[in-house]
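K.L.:
Got a structure for you, written out below as structure tokens; questions coming shortly.
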């Protein structure tokens, strides 16, 4: 590769990493906010209680170690990425003649993987259409392990997203800060989606009211 090609790829990777991290934060918020009122209040309450336990008197996370005490927030994040993966399509190129699912694939052929399908597969998860963070808490059986492996919200293999840990940390920091310091209510309007480098919600309007 030429020097210019290396710079171009590096710039693209950096932009995608920063943007995907921000989009994942928005999607985690959507998981908390874009639910029926009863579920929304329960989610906000659970995350707020967890944040208060982890943060003490601080309004936000101040030490990296505090991220390890937010299991429910992490489970809600995982559930949001299951239902709304930021990269709904992953593309792979065959390096040599091979087969994919029994179909011949010549070297240079492109395969597109639809990442939403495993997340709503009833063979992998019970009630896959339901938003249930608790499914990721507790002991993991073989079926749940298979679901975790199939979802791949950050991709897989040698092209695994380099910003995955930064994105997860950023999500937990924003989610706990908002739940701890604000009352959050969803505003009227249908939420849509737009695909532009990554998938993001549109018309996701919320109201933040500072807690006393």
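The values are calculated or read from the model by the stated rules, or taken from the named source; none is laboratory data. Computed from a prediction, not measured in an experiment: that's the story for all the values here. No Cβ is skipped: glycine too gets one built from the backbone with ideal geometry, and neighbour counts run over all protein chains shown.
K.L.:
Of the residues that sit in segment 36-93 and are within 30 Å of residue 106 (Cβ to Cβ), surrounded by 14 or more Cβ atoms within 10 Å (Cβ to Cβ) and in contact (Cβ under 8 Å) with a residue 24 or more places away in the chain, which one is nearest to the chain's Cα centre (by Cα)?
P.N.:
My answer is 85.
K.L.:
Starting from residues that are touching a helix residue (DSSP H, G or I) at 6+ places or on another chain (Cβ under 6 Å) and either free of Cβ contacts under 8 Å to residues at least 60 places away in the same chain or not in a strand (DSSP E or B) (or both), keep the ones in segment 170-196 and report whichever is farthest from residue 42 (Cα to Cα).
P.N.:
Across segment 170-196, the extreme among qualifying residues is 170.
K.L.:
Follow-up question, since we're still on this one. State the number of residues belonging to segment 25-53 that are in contact with a helix residue (DSSP H, G or I) (Cβ under 8 Å, 6 or more places away or on another chain), modelled with pLDDT of 85 or more and within 25 Å of residue 83 (Cβ to Cβ).
P.N.:
Residues that pass the stated criteria total 5.
K.L.:
Take residues that are within 17 Å of residue 198 (Cα to Cα) and tell me which of the strands (runs of 3 or more DSSP E) falling wholly in segment 76-126 contain 1 or more.
P.N.:
Where strands (runs of 3 or more DSSP E) fall fully within segment 76-126 and carry at least 1 residues being within 17 Å of residue 198 (Cα to Cα), they are 89-93, 110-114.
K.L.:
While we're on this one: Only residues that are at pLDDT 85 or above, out of contact with any strand residue (DSSP E or B) (no Cβ under 7 Å at 6 or more places or on another chain) and within 12 Å of residue 84 (Cα to Cα): list them for segment 183-206, please.
P.N.:
none
K.L.:
Looking only at segment 136-176, filter to residues that are crowded, with 18+ Cβ neighbours inside 10 Å and more than 28 Å from residue 60 (Cβ to Cβ); which one of those is modelled with the lowest pLDDT?
P.N.:
The extreme case among them is 152.
K.L.:
Please go through segment 76-114 and pick out each residue that is in contact with a helix residue (DSSP H, G or I) (Cβ under 6 Å, 6 or more places away or on another chain) and farther than 22 Å from residue 173 by Cα.
P.N.:
Within segment 76-114, just 88 meets the criteria.
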